[in-house]
1. Using a 1.4 Å probe on the protein chains only, how many percent of the accessible area of the chain belongs to carbon and sulfur?
2. If you average the sequence gap of Cα pairs under 8 Å that are 6 or more apart and divide by the length of the range 68-116, what percent do you get for the contact order?
3. In percent, how large is the relative contact order of the range 17-172, given Cα pairs closer than 8 Å and 6 or more residues apart?
4. Quickly work out the ARG175-to-VAL22 label distance, labels modelled 7 Å from Cα along the C-beta direction, and quote it in nm with one decimal.
5. Based on the Cα coordinates of the chain, what is the per residue volume of their convex hull in Å³?
6. Filter the chymotrypsin sites (Phe, Trp or Tyr not before Pro) in the range 119-192 to those in DSSP coil with at most 11 other Cβ atoms within 10 Å of their Cβ, and list the result.
7. Tell me, in nm to one decimal, what length is gained between GLU135 and LEU46 on full extension, where the rule is 0.36 nm per residue of separation less the Cα-Cα distance?
8. Report the residue, chosen from GLY99, GLY20, GLY79, that carries the largest GNM mean-square fluctuation when the chain is represented by alpha-carbon nodes joined by springs under 10 Å.
Amino acid sequence: MLLVIDSATAACSVALIKGGEVIDARHEVVGRGHAEKLLPMIEDMLGARRPDAILVDCGPGSFTGVRVGLAAAQGLAIGWGIPVHGYSSTALIAAGVQGNEIAVALIGGHGQIFVQSYRRDPLEPTGPLRSLAPEDAAAAISTHDVHGSGAAMLVTARGFGTAWDALPSASEAWRLPEALRTLPPRPIYGRAPDAKPMT
């Protein structure tokens, strides 16, 4: 039984998955306040059940949301003595999309959007994760349909295509192929830190 934790974006969600079947799940769009919501959500869903492993969204997304999810996953994994692995928020959105060419755009920081492209069979990225201004993302992503919370920004800047608003949901993690759900449980920030070392 796998506990999935997703708090990297404006959504906060958890799920219990066994053999590709969603046993139970919770999902709420909170914007902020993941730290207050996440552990009670997990406790409410689990009850007396205990998972055999944990899967957590490592980002990209909100700096705080990414760290909240990873801290919760690693703390629970230590307490229960079970393994923890990671996945990326762009991969989870791509996993739920039909088609051979998939473009994902998520709202980032400082007016930028995280963009990444995927192909199917097997699902895998075709390029690196980038954090770009909408006009730069528009020049970089030509796929007609764009999925994610930043899709509308990209499509508007580009002047063509269809935007499909979406946020990652823990209950969709069963769709991820093994290669994309066995990442090290480390943050995927997608952009350089704002703080610069003093020289």
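The values are calculated or read from the model by the stated rules, or taken from the named source; none is laboratory data. Just so you know, these numbers come straight off a predicted model, no measurement behind them. Virtual Cβ from ideal backbone geometry, glycine too; neighbours counted across all protein chains shown. Side chains included, ligands, DNA and RNA excluded: accessible areas come from the protein's heavy atoms. Shrake-Rupley method; radii C 1.70, N 1.55, O 1.52, S 1.80 Å.
1. On the way: 5290 of 9720 Å².
Carbon-and-sulfur percentage of accessible area, whole number: 54.
2. Values: 28 pairs, mean separation 11.0, N = 49.
Relative contact order, the range 68-116: 22 percent.
3. Values: 252 pairs, mean separation 27.7, N = 156.
For the range 17-172, the relative contact order is 18 percent.
4. 1.0 nm
5. Working: hull volume 24.9 nm³, N = 199.
Dividing the Cα hull volume of the chain by its residue count gives 125 Å³.
6. On the way: sites: PHE160, TRP164, TRP174, TYR189; in loops: PHE160, TYR189.
For chymotrypsin sites (Phe, Trp or Tyr not before Pro) across the range 119-192 that sit outside H, G, I, E and B with at most 11 neighbouring Cβ atoms in 10 Å, the list reads PHE160.
7. Here the segment from GLU135 to LEU46 would lengthen by 27.7 nm.
8. GLY79
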